[in-house]
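Enquirer: Submitted below is the structure of interest, expressed as structure tokens.
The values are calculated or read from the model by the stated rules, or taken from the named source; none is laboratory data. Bear in mind that the values here come from a model prediction, so they are computed numbers and not experimental data. Positions of Cβ are backbone-derived with ideal geometry, glycine not excepted, and every protein chain shown enters the neighbour counts. To get the accessible areas, we keep the full protein, side chains included, count just its heavy atoms, and leave off ligands, DNA and RNA. Shrake-Rupley method; radii C 1.70, N 1.55, O 1.52, S 1.80 Å.
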There are 4 protein chains.
Amino acid sequence: MVRIAVAGASGYAGGEVLRLLLGHPHAEIGALTADSNAGRTVGEVQPHLAPLAGRVFEKTTPEVLAGHDVVFLALPHGASAALAAELGPDVLVVDCGADFRLVDAGEWERFYGSAHAGTWPYGLPELPGGREALRGARRIAVPGCYPTAVSLALWPLYAAGLVEPEAVVVAASGTSGAGRALKPHLLGSEVMGSMTPYGVGGVHRHVPEIVQNLSAVAGERVSVSFTPVLAPMPRGILATCSARAKSGVTAQAVRGALEKVYGGEEFVRVLPEGRWPSTGAVVGSNAVQVQAAYDEAAGRVVVVSAIDNLTKGTAGGAVQSMNIALGLPEGLGLSTTGVAP
Amino acid sequence: MVRIAVAGASGYAGGEVLRLLLGHPHAEIGALTADSNAGRTVGEVQPHLAPLAGRVFEKTTPEVLAGHDVVFLALPHGASAALAAELGPDVLVVDCGADFRLVDAGEWERFYGSAHAGTWPYGLPELPGGREALRGARRIAVPGCYPTAVSLALWPLYAAGLVEPEAVVVAASGTSGAGRALKPHLLGSEVMGSMTPYGVGGVHRHVPEIVQNLSAVAGERVSVSFTPVLAPMPRGILATCSARAKSGVTAQAVRGALEKVYGGEEFVRVLPEGRWPSTGAVVGSNAVQVQAAYDEAAGRVVVVSAIDNLTKGTAGGAVQSMNIALGLPEGLGLSTTGVAP
Amino acid sequence: MVRIAVAGASGYAGGEVLRLLLGHPHAEIGALTADSNAGRTVGEVQPHLAPLAGRVFEKTTPEVLAGHDVVFLALPHGASAALAAELGPDVLVVDCGADFRLVDAGEWERFYGSAHAGTWPYGLPELPGGREALRGARRIAVPGCYPTAVSLALWPLYAAGLVEPEAVVVAASGTSGAGRALKPHLLGSEVMGSMTPYGVGGVHRHVPEIVQNLSAVAGERVSVSFTPVLAPMPRGILATCSARAKSGVTAQAVRGALEKVYGGEEFVRVLPEGRWPSTGAVVGSNAVQVQAAYDEAAGRVVVVSAIDNLTKGTAGGAVQSMNIALGLPEGLGLSTTGVAP
Amino acid sequence: MVRIAVAGASGYAGGEVLRLLLGHPHAEIGALTADSNAGRTVGEVQPHLAPLAGRVFEKTTPEVLAGHDVVFLALPHGASAALAAELGPDVLVVDCGADFRLVDAGEWERFYGSAHAGTWPYGLPELPGGREALRGARRIAVPGCYPTAVSLALWPLYAAGLVEPEAVVVAASGTSGAGRALKPHLLGSEVMGSMTPYGVGGVHRHVPEIVQNLSAVAGERVSVSFTPVLAPMPRGILATCSARAKSGVTAQAVRGALEKVYGGEEFVRVLPEGRWPSTGAVVGSNAVQVQAAYDEAAGRVVVVSAIDNLTKGTAGGAVQSMNIALGLPEGLGLSTTGVAP
């Protein structure tokens, strides 16, 4: 058994890590920590985690987190570096936050306004070289939810050289992506029946991460116009991505590029022709649905992906990466079966 | 391994049976049948069941269903008897429909307008004697979703002799309870942002089933005023149940009655005082949340229960009953962890 | 023109008052006040009120509210008495809060924990004598949203002597009924896809108000078991109400009792037989839909009503009452046309 | 008074026309026709239209529609031409369908697969020359809902010469945009909690209409990559539109381009800087919210617009156009106040 602590376990990301660990055959759930919810029971804050209902959140400290094989961090950005430094190099630290995702310190500082903490192996195994970077790792930076959905949709096109280095992405996310923060625009009364964009114009913090992922594959800087949209649903990201087609592209070539890289992937599925991803079909699962079209008149290739932002987009990706790092079967404790309708 | 067929696998109930069987360590999924969807792939109709995406629904016939250890029937009422008759006495037939739930032929005829097919062991193990009736059974009648939620809320009060034999129930259900039928009032445009009752005034077909369950425990006929309400959510039943308190009742006695019968139950949880059930906390799980209050001024005991109508209310109850009938651990393939938020 | 101020105009109730006043041919909108939102524009806080987008909320003080013909108060309970005292006896003060609804000081103190401020004419014109009490009034207590829905459903049965003095009510409300308070359980992520009760067991503050209304009609104390339920929709109340039938009751008598009192009402509509109220049909309107059934087997009469909690349940009832008090046509600025689907 | 008939009055578009006409001071509602709902009451099919509840839908025939000053057609495409031909040249025929929107017969045939019926004055007054084309018109083609949202977002950029002739649009629509058709993917159970694209890759029928509108302003063919997305809400379109910036573009120039053309418009509002459109704010209103950003790194201008697809996107645009054609004040019977939350 692998003994696992979760820091920030009272939030949505931490709760999803716990939900998955409860079904993971090798996981033994150890310390659960929180900030303002410390002292409350899991049952009060995360009533869906019935098997843990009587457990109590402790305050997040290095001492409480010590003595585990794996520590998941689901904390506000900026908090992970100091904690990780205290956990020892043999502990696998899986950071669901942003602190160690970016390679470029300047980009980090521009978007996050603080000093760059460093770069850890990136927890998106389906990227080229992604799986290898995670084997045996003891530090993992879990990707952002949007970068997961967008990178998986677009990188195969860049790998196959089918599109120009300028992508346009509009991605709708369920409200859990914004966490449990008490903000007026996240109230149910405001959210239900309404859609609204935010972070428009290239200012969302996931932009440099998406650019980093696509540029690495393309071998040149890919510019990305990214617009996130808050959607009236609790979970799910639907990323509608497009890029200008290079001359000579065909629909078959696009489909071939996706099938080539995802044919052997456990969690990414290129849908049969004519069917399009829906977030409802992947809720609660680690599955990624992908489909593409070549719009000849507009000269663009459109790829749409659907994920559960909390599962594949955060906690599922984290567990998948943990499995790889520990040498376990990659899909242990994860599923491609969604909870629908 | 247990070889299992599912008839009516393209509907919501059948789809949920499949979702659970995909996570059941002893289940080997055999024939999948449908009616109008025969010939289509699972992926087209149930896109969330990714591991079965390439499977094709066959037409529902006794021949296709033959040769399995267990056959789940998720069919319109009236269709089960003829099929079951052809399946042989050694096959475990688990009927998610209504045909074999009622003991009283007259009640059946009054509410269903057809001849009574008979009565099978009733798949609600948490009722007194319920588990015993299922051990070794080869025919099981899965309870209705509302009767599951309501009976589990109220029977302990009757068992403890705390309330009069007249209950009032208002139960809100997610839209999946109405199945995949193409009816105007089930369109998303109609359902979202709206609540509406139906089957008001004692005419809903689940009324005699609720009366049967509660009367059996009370030892006298319990009258039930039952109002189902269609709610703007895909899954979940919240049943608000009350009954006139007998004299001398106390809040402690009420709580004690619930804790006494549910203390050892795997799936039913009496919430800590002050917390109330929410359907969101049990989505996708076989869990039942229960809480009670004694309203002294109104002279009534109020018990509220929450279930997932498709899981504990249908497919989960079915799998739980199958496990008991086959001598497997009762909770195999089932979970008390909900998918939230 | 009637010059009108709205105190608490940045909340949901205050915003709905403004929405209606914008369509009221005699209303001239004067001061708009707020508490924590003072200094912000209407456009920032209430983006749907486009015609007022550039207006700025002032701090709620008697001075700012002075000089208007009508002042609507949409404030937390306890704040209205002091303000009203400063506004002068000729100003029509319409209090959307609870402070002046209850006649019985003891009940007030029991449920609100503070000293009773007094009793004002009650803004539910459809109650017996309700309209008369409002004519020429200069102080109006707008009913609670639940008491509006429940009283309109049940009082005709008591007026006709058809039912016993013990009612059971389960009422589902959209989230706007809880206001704009930043509470975790009101977040969209928590609310969507979930139903949960609250204030169970006779402790909700609307209980004494419902009892007061029904008892006044019945001529004896009516006990009420009341369970409010939070529903995944922004607006609407669906109240499922029942009471034990007296002997000799018939379905016709029930229907007759409703039609007799509502035949001439502009806003309350007894639906044709076989159709049931839906909250979606009354969104944004001042309409009340009512339908009843007599459940002979259970011995109960069931009446269901649907309103928009913010319109007829709060701001619409307030404007209707204002119209009566000022001698204007009762329906001015109000509508029975819902915004659907 | 203007005597008005509505053909196809039992659908969502027809119902919204009626909702608006009920609040239009010059409208006298005449014949209401339907197809499969002929013979049913308005109350049964459109329960929110309480003032018309007792009216009965007649079969759609030229005879029934004769004798009105205005006839609104809300019919499946292909049905309008024959009816209009019988209505006489002095009757104002306002077609909410697609039949007369496109100028290019080849484009019509490519996207609709039938012979081109012709081109009528286009009911989008905010386009250059749009208002003039409608004055005195007796035939009006109401724009599609997506083209309304997209054209209003992007045309000012083309008018100002700020962007290249290649736009990328992702637009999420509420389910009412798909009408009341009984299709499995429109069931509430499927729609709630899920987002899914459709008509991807340039095949949606609104593509040539958007191209037509933008190209007319740009003076050259604008290519448009358009992806519509079905969103879990009944109403609203959020259109996220972008186009490659020409060199020298600045954020001020973008804002200036929008403010210049919309400063005097009653229904289109450029939001203050920092605030973004939300569909919830415009529900039930004829308002259009617009906001823009210049993403220098990506080299694109992003404009987002929000409308109610049934109001400004269909019936509101139709009534607005009718008002202009008849010489009435353009905003009569319309509002910029949304129904929120």
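Enquirer: Among the candidates D:P341, D:P329, single out the residue that is within 10 Å of chain A (Cβ to nearest Cβ) and open to solvent by 20 Å² or more (accessible area, probe 1.4 Å). Walk me through it before giving the result.
Expert: On the way: D:P329 fails: within 10 Å of chain A (Cβ to nearest Cβ).
The match here is D:P341.
Enquirer: From C:E296, C:E220, C:E259, C:E266, grab the single residue that is over 17 Å from C:L127 (Cα atoms) and either out of contact with any Leu (no Cβ under 7 Å at 6 or more places or on another chain) or in the same structural domain as C:T119 (by the TED database) (or both). First the steps, then the outcome.
Expert: Details: C:E220 fails: over 17 Å from C:L127 (Cα atoms); C:E259 fails: over 17 Å from C:L127 (Cα atoms); C:E266 fails: over 17 Å from C:L127 (Cα atoms).
Unique residue meeting the criteria: C:E296.
Enquirer: Can you find, within the stretch C:90-112, the residue that is nearest to the chain's Cα centre (by Cα) among those that are in a loop (DSSP other than H, G, I, E, B) and crowded, with 18+ Cβ neighbours inside 10 Å?
Expert: At the first step, the residues of the stretch C:90-112 found to be in a loop (DSSP other than H, G, I, E, B) are C:90-91, C:96-104.
Narrowing further to those that are crowded, with 18+ Cβ neighbours inside 10 Å: C:91, C:96-102.
Working: C:V91: 22, C:C96: 8, C:G97: 10, C:A98: 10, C:D99: 14, C:F100: 14, C:R101: 11, C:L102: 14 Å.
That would be C:C96.
Enquirer: Do you know which residues across the stretch D:122-172 are within 14 Å of chain A (Cβ to nearest Cβ) and acidic (D, E)?
Expert: Residues satisfying the conditions are D:E164, D:E166.
Enquirer: For A:L87, are the conditions met, namely being at negative phi and outside any loop (DSSP other than H, G, I, E, B)? Let's see the steps before the verdict.
Expert: Values: at negative phi: yes; outside any loop (DSSP other than H, G, I, E, B): no.
No, not satisfied.
Enquirer: Just the residues that are open to solvent by less than 50 Å² (accessible area, probe 1.4 Å), over 30 Å from C:P232 (Cβ atoms) and either within 13 Å of chain A (Cβ to nearest Cβ) or free of Cβ contacts under 8 Å to residues at least 24 places away in the same chain (or both), please, taken from the stretch D:173-211. Spell out the reasoning first.
Expert: Taking the stretch D:173-211 and keeping what is open to solvent by less than 50 Å² (accessible area, probe 1.4 Å), we get D:173-179, D:181, D:186-189, D:191-197, D:199-202, D:204, D:206-211.
Those left that are additionally over 30 Å from C:P232 (Cβ atoms): D:201-202, D:204, D:206-211.
The answer is D:G201, D:G202, D:H204, D:V207, D:P208, D:I210, D:V211.
Enquirer: Identify the residue in the stretch D:117-137 that is among the charged types (D, E, K, R) and in contact (Cβ under 8 Å) with a residue 40 or more places away in the chain and, among all such residues, is most open to solvent (accessible area, probe 1.4 Å). Spell out how you get there, then give the answer.
Expert: Pass one, the stretch D:117-137, residues among the charged types (D, E, K, R): D:126, D:131-132, D:135.
In the following step, the residues that additionally are in contact (Cβ under 8 Å) with a residue 40 or more places away in the chain were identified as D:126, D:131, D:135.
Working: D:E126: 6, D:R131: 47, D:R135: 143 Å².
Only one residue tops the list, namely D:R135.
Enquirer: Please go through the stretch A:138-164 and pick out each residue that is open to solvent by 10 Å² or more (accessible area, probe 1.4 Å) and not acidic (D, E).
Expert: Quick first cut of the stretch A:138-164, residues open to solvent by 10 Å² or more (accessible area, probe 1.4 Å) only: A:138-139, A:145, A:155, A:158-162, A:164.
The answer is A:R138, A:R139, A:C145, A:W155, A:Y158, A:A159, A:A160, A:G161, A:L162.
Enquirer: Still on this structure, I have one more. Of all residues in the stretch C:295-326, count the ones that are assigned to a loop (DSSP other than H, G, I, E, B) and either touching a His at 6+ places or on another chain (Cβ under 7 Å) or buried (at least 21 other Cβ atoms within 10 Å of the Cβ) (or both).
Expert: 4
Enquirer: Of all residues in the stretch C:214-229, count the ones that are open to solvent by 10 Å² or more (accessible area, probe 1.4 Å) and in contact with a Ser or Thr (Cβ under 8 Å, 6 or more places away or on another chain).
Expert: Result for the stretch C:214-229: 1.
Enquirer: What single numbered condition from (1) within 11 Å of chain A (Cβ to nearest Cβ); (2) of a type in the set (A, V, I, L, M, F, W, C); (3) within 20 Å of the chain's Cα centre (by Cα) fails to hold for D:L310?
Expert: Here D:L310 meets the rest and fails (1).
Enquirer: Taking the conditions exactly as written (farther than 20 Å from A:A297 by Cβ and either assigned to a strand (DSSP E or B) or in contact with a strand residue (DSSP E or B) (Cβ under 8 Å, 6 or more places away or on another chain) (or both)), does D:V150 satisfy them or not?
Expert: On the way: farther than 20 Å from A:A297 by Cβ: no; either assigned to a strand (DSSP E or B) or in contact with a strand residue (DSSP E or B) (Cβ under 8 Å, 6 or more places away or on another chain) (or both): yes.
No.
For (1) within 13 Å of chain A (Cβ to nearest Cβ); (2) out of contact with any strand residue (DSSP E or B) (no Cβ under 8 Å at 6 or more places or on another chain), each residue gets a yes or a no:
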residue	(1), (2)
D:E220	no, no
D:P232	yes, yes
D:R235	yes, yes
D:R255	yes, no
D:Y262	no, no
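Enquirer: In the stretch B:9-19, is there at least one residue being over 22 Å from B:R101 (Cα atoms) and open to solvent by 20 Å² or more (accessible area, probe 1.4 Å)? Steps first, answer last, please.
Expert: Our first condition is that a residue be over 22 Å from B:R101 (Cα atoms); within the stretch B:9-19, this holds for B:10, B:18-19.
Checking the rest, the ones that are also open to solvent by 20 Å² or more (accessible area, probe 1.4 Å) come to B:19.
Taking every residue of the stretch B:9-19 in turn, at least one turns out to be over 22 Å from B:R101 (Cα atoms) and open to solvent by 20 Å² or more (accessible area, probe 1.4 Å).
Enquirer: One residue is enough: does the stretch D:41-59 have a residue meeting the conditions of a type outside the set (S, T, N, Q) and over 22 Å from B:E190 (Cβ atoms)? Steps first, answer last, please.
Expert: Within the stretch D:41-59, the first condition is being of a type outside the set (S, T, N, Q), and the residues that meet it are D:42-45, D:47-59.
Subset that is over 22 Å from B:E190 (Cβ atoms): D:58-59.
Looking for residues that are of a type outside the set (S, T, N, Q) and over 22 Å from B:E190 (Cβ atoms), one finds at least one in the stretch D:41-59, hence yes.
Enquirer: I've got another one for you. Name the pairs whose Cβ atoms lie under 7 Å apart, with the first residue in the stretch D:248-275 and farther than 18 Å from C:V42 by Cβ, the second at pLDDT below 95, and 6 or more positions between them or separate chains?
Expert: From residues that are farther than 18 Å from C:V42 by Cβ, there are no pairs.
Enquirer: Right, something else. Which of (1) under 22 Å from the mean Cα position of the chain (by Cα); (2) away from chain C (no Cβ under 14 Å) is the odd one out, the single condition D:Q46 does not satisfy?
Expert: With (1) under 22 Å from the mean Cα position of the chain (by Cα); (2) away from chain C (no Cβ under 14 Å) applied to D:Q46, the lone miss is (2).
Enquirer: Taking the stretch B:232-285 as the region of interest, how many residues are open to solvent by less than 30 Å² (accessible area, probe 1.4 Å), among the hydrophobic types (A, V, I, L, M, F, W, C) and within 26 Å of C:I237 (Cβ to Cβ)?
Expert: 10
Enquirer: Residues of the stretch C:26-61 being part of a loop (DSSP other than H, G, I, E, B), within 30 Å of C:E330 (Cβ to Cβ) and open to solvent by 60 Å² or more (accessible area, probe 1.4 Å), which ones?
Expert: C:H26, C:R55
Enquirer: Does C:V288 count as closer than 29 Å to D:L21 by Cα and either surrounded by fewer than 24 Cβ atoms within 10 Å (Cβ to Cβ) or among the β-branched types (V, I, T) (or both)?
Expert: On the way: closer than 29 Å to D:L21 by Cα: yes; either surrounded by fewer than 24 Cβ atoms within 10 Å (Cβ to Cβ) or among the β-branched types (V, I, T) (or both): yes.
So C:V288 fits the description; yes.
Enquirer: Filtering the stretch D:16-43 down to residues that are free of Cβ contacts under 8 Å to residues at least 60 places away in the same chain and within 14 Å of chain C (Cβ to nearest Cβ), which residue is nearest to D:A318 (Cα to Cα)?
Expert: Initial filter on the stretch D:16-43 (free of Cβ contacts under 8 Å to residues at least 60 places away in the same chain): D:18, D:22, D:28-43.
Those left that are additionally within 14 Å of chain C (Cβ to nearest Cβ): D:18, D:22, D:29, D:40-43.
Values: D:L18: 11, D:L22: 14, D:I29: 15, D:R40: 25, D:T41: 24, D:V42: 21, D:G43: 23 Å.
That would be D:L18.
Enquirer: Identify all residues within the stretch C:122-138 that are in a loop (DSSP other than H, G, I, E, B) and either over 14 Å from the mean Cα position of the chain (by Cα) or under 13 Å from C:Q320 (Cα atoms) (or both); write none if there are none. Before you say what the answer is, go through the steps one by one.
Expert: Residues of the stretch C:122-138 that are in a loop (DSSP other than H, G, I, E, B), as a first pass: C:123-129, C:135-138.
Once the filter is applied, which keeps residues that are in a loop (DSSP other than H, G, I, E, B) and either over 14 Å from the mean Cα position of the chain (by Cα) or under 13 Å from C:Q320 (Cα atoms) (or both), the stretch C:122-138 yields C:G123, C:L124, C:P125, C:E126, C:P128, C:G129, C:R135, C:G136, C:A137, C:R138.
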